[in-house]
Each structure stands twice: as structure tokens, then as C-alpha cells.
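Since every read-out is calculated from the coordinates, none of them should be taken as a lab result. All of these numbers come straight from a predicted model, not from anything done at the bench. Here the Cβ positions follow ideal geometry from the backbone for every residue, glycine too, while neighbour counts run over all protein chains shown.
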Amino acid sequence: MYRFFRPILFLFSPEFIHQAVMLMLGALRFIPWGRSVVKKCCTYQRQSLSKVVFGINFQNPVGLAAGFDKNAEHVNDLACLGFGYIEIGSVTPLAQGGNPKPRSFRLPNDRALINRMGFNNKGVEAVVQNLRRRNPKLVVGANIGKNTLTPNEHAPNDYATCFAALYPHADYFVVNVSCPNVSCLRELQSREQLTAIVRRLTAHRAAQPQRKPILLKLSPDLTPAQIDEALEVIANERLDGVVAANTTTRRDGLQTPQAEVDAIGNGGLSGAPLTQRALEMVRYISRKTHGKLPIIGVGGIMTPQDARNMLQAGAWLIQVYTGFIYQGPMLVKKICREIATA
């Protein structure tokens, strides 16, 4: 059925459709049995899908990647679509509008998206208020970043502010230093700057009664040497895992006409063109860490087989975003069925 509606949806801008879909999901709260009906249609539950990763019990390994529900306004609604967990954000200390519109673009010939949203969100205090209303049974991760106007030398303060405010309300945290859509952000992936950030977070965590996992989100554009450097920081600072990978700035191999790609301009590419690179990165990290470091595999998971391949490559958990947009709300159920019956 979604294949029938998708051409209609794609007549409108991606950001407009995203907002419309979120409004429709929110309306389920006011429809008798609305959430229950959607959950029954979109959820595939099997005990074999449940797994414990970094001390958290996930009902299934399929999560929604950060960026879809930046402000944690719809975590309970999105859970009805069968996700085992939801990652919100990226969250910054202060509200910010992000980059000028248009800033999100579809490449249908490539089953891909390009976005340059720029960490648009309502700020950490608004997100905290929204998370107070979350279903406590739902696993929620918080993806944290810095405000665009914050210079890199003060970035540790921004990450620490978000981490401290969200600590009582999220189950795990992802340090996002790899988004290509925030000026100079990826410079924070260097050993020195990354260490300065994560030490602020681990110091705060050490003073809390409950230890919550901290993961690092990496760019798919890193060289093997840069990945190795990041893994050293993860090991030295006793972080709990890695998210591989973020969107890419590369444009090679696309079916979309070059003139159209050039007209879109800068931004992070996601979707099918990222499938192989994300798989390679997960395999590399798994091999380098002897399969002992938890990896959340994300990037180019467009089909149930893609999800299965990612898990076989060494991912402990997976996330979808662009595949969800192109394949529709039944994708999670199809992935869970594929994993459970493999």
C-alpha cells in the first residue's frame, strides 16, 4: 500500500512531509485504540529478537536513527511502529533553527537523501520536558551535539551541558562529532579534541548512582588510520560502543544526473549509496576490536537483507532512517521477521 502513496508523498518537500507524518502520528493519541491498532499491524514480536547490549534489554535490535525525532516529541508514537529503541536528537544546549531551507532533498533514482539540517532542535530543556512523558518501558538514546555558534574550543561545555541535563531521562548517549552539516564539527574527531569532550562526560557519569552507556558516532569518510585513532580513544576513555556511520559527503557512483546533484549543493548523503561503505566500516571495527565492542550499524539499510548483512558484518544493533522513508512503516516488521526466521 505504501508504494501507492509514496509517489504522492514525494510530490512535496521532504521536510514538509516529515512534519505532516509526525502530526499524523501524534493524532493517534486522540483516536480510540489508534496506537494499539498501528502497533498490531507494524510490530513483529519474538523472544528470539530480544537481546541485552551494554546492560540494556532491547525487545528487538532495530532502532530509529537520530534526526527523525530531534526533540523527543513523538517517541511514544514512533514506538508503535515496531522499533526496539528510538534515538532522539541531535540535541544542543540552546535552541537553534538550523540551516536555511530548503535543506533536505530526495534522490529517488538512488534511493537516497541529502540533508543539511544543521542540528535544528528546540534545545535541551525542551527535550527534557518531552522525555518526562516517555513510556518508561521504551529504550531511548540521546544523540548530543554542540550549538553551531559555539567555537570548537568550548565544545566540551556544550556536550557536558546536554549530557548532564539528559542523564536522568535517557538510557544511552551518542556523542555526535561527525555530522557534516555543522561548521567545523568534524574537526572534533581528532584525538585531542575528542578526548577533551568524552572526559567531561565520563567524569559526570562517575559521580552518578547509575552508569549509562556512552557511544561515539563516526563519519563514514574517515580513513582506517582515523578510525583506529577513534577506537583508541574509545578504549582509553572506557566508552561503551560506536555508531557506524553518519552521513557522507561523497557523491561518487550516483544515478542522479550530476547537474541535479550539483544544484542541491552541500549536505550529508544517506540511503542506498551508503550501504557498502557502512558495511565495510562495521566489518573493520568489529575485526579491529575482535567483536568485543558493541556496534550500532546504521547507513544504507534499505531492505531486510541489508539489515541481516549488517548484523552478520558485526553490528550488535542496527538503525534505519532513509530506508524507513523509502520503504514505509512496515520495514521494521519485515526486518524483524527476516532476523527471527534466518
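Data overview
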quantity: Where a label projected 7 Å from the Cα of PHE30 along Cα→Cβ would reach, residues of the stretch 61-94 with amide N under 18 Å; calculated: 73-78
quantity: Within a Gaussian network of the chain (alpha carbon springs, distance under 10 Å), most fluctuating of ARG29, ARG238, ARG191; calculated: ARG29
quantity: Simple label model, 7 Å out from Cα along Cβ direction - ALA95 to ALA263, nm; calculated: 3.5
quantity: Separation between Cα centres of the stretch 1-69 and the stretch 113-181, rounded to whole Å; calculated: 21
quantity: Structure-based [θ]222 nm, the chain - -39500 (n - 2.57) summed over DSSP H runs of at least 4, per residue, nearest 500; calculated: -11500 deg cm²/dmol
quantity: Fully extended contour minus Cα-Cα distance, from PHE10 to ARG250, at 0.36 nm per residue; calculated: 84.0 nm
quantity: Debye intensity ratio I(q)/I(0), log10, the stretch 200-338, q values 0.20 Å⁻¹ (C-alpha model); calculated: -1.16
quantity: Top of GLY297, GLY55, GLY145 by mean-square fluctuation, Gaussian network on the chain, Cα under 10 Å; calculated: GLY55
quantity: Beta bridges by DSSP in the chain, antiparallel share as percent, to the nearest 5; calculated: 30
quantity: Volume per residue of the C-alpha convex hull in the stretch 76-127, rounded to whole Å³; calculated: 113
quantity: Likely footprinting exposure, HIS154, HIS18, HIS290, HIS74, fewest C-beta neighbours within 10 Å first; calculated: HIS290, HIS154, HIS18, HIS74
quantity: Over the stretch 2-341, volume per residue of the alpha carbon convex hull, in Å³; calculated: 129
quantity: Kirkwood hydrodynamic radius over Cα pairs of the stretch 1-80, then Stokes diffusion coefficient at 37 °C and 0.692 mPa s, in µm²/s; calculated: 222
quantity: Average Cα contact separation per residue, the stretch 1-74, under 8 Å, 6 or more apart, as relative contact order %; calculated: 19
quantity: Separation of the LYS40 and GLN208 label points, Cα + 7 Å toward Cβ, nm; calculated: 3.8
quantity: The chain: most fluctuating residue of PRO102, PRO32, PRO180 per GNM, C-alpha cutoff 10 Å; calculated: PRO32
quantity: The stretch 136-211: Cα Rg divided by the 2.2 N^0.38 Å rule of thumb; calculated: 1.11
quantity: Calculated from backbone phi, Karplus (6.51, -1.76, 1.60) coupling profile of the stretch 3-16 in Hz, x at Gly/Pro; calculated: 4, 6, 7, 4, x, 6, 4, 6, 6, 9, 5, x, 5, 5
quantity: In nm, spacing of pseudo-spin labels at LEU149 and ALA196 (7 Å Cα→C-beta vector); calculated: 2.1
quantity: Kirkwood-Stokes translational diffusion coefficient of the stretch 284-342, alpha-carbon pairs, 4 °C, 1.567 mPa s, µm²/s; calculated: 110
